[in-house]
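Nothing in this text is a laboratory measurement; each read-out follows from the coordinates by a stated rule. Remember, it's a predicted structure, so these values are computed and weren't measured experimentally.
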Amino acid sequence: MLGSTLRDWRVGAGYHQTDAAKALGCSPAFVCRLEAGKAPVNVRHVGRLAALYGVSPAEVGKAVLAAWQQ
C-alpha cells in the first residue's frame, strides 16, 4: 500500500505528519488518512512528499509500480 510507504519514508527521514501537511498544504489529519490508506493518493502528493523526504525518483517509481500491481 502506497500510504504505508509514505509513512515509512516520513519516519525514516525524521519528519512528523505536521511537516508533511505543510508540504501538501493540508491538515495533519489528511496526512494520517493518506498514510492509513483511507484517502486517495495522487501524483502531486507522492511528488511533494518524496522531495521533502529525499526519496529518489527510482525509489518513487518502484513504490508506485508496486502499489499499482496490488
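Calculate for the chain the 222 nm mean residue ellipticity that helices alone would give, adding -39,500 (n - 2.57) per DSSP H run of length 4 or more and normalising by residue count, nearest 500 deg cm²/dmol.
That comes out to -22500 deg cm²/dmol.
Using only the alpha carbons of the chain, what is the convex hull's orientation-averaged projected area in square nanometres?
Details: hull surface 15.8 nm².
Computed as one quarter of the Cα hull surface, the answer is 3.9 nm².
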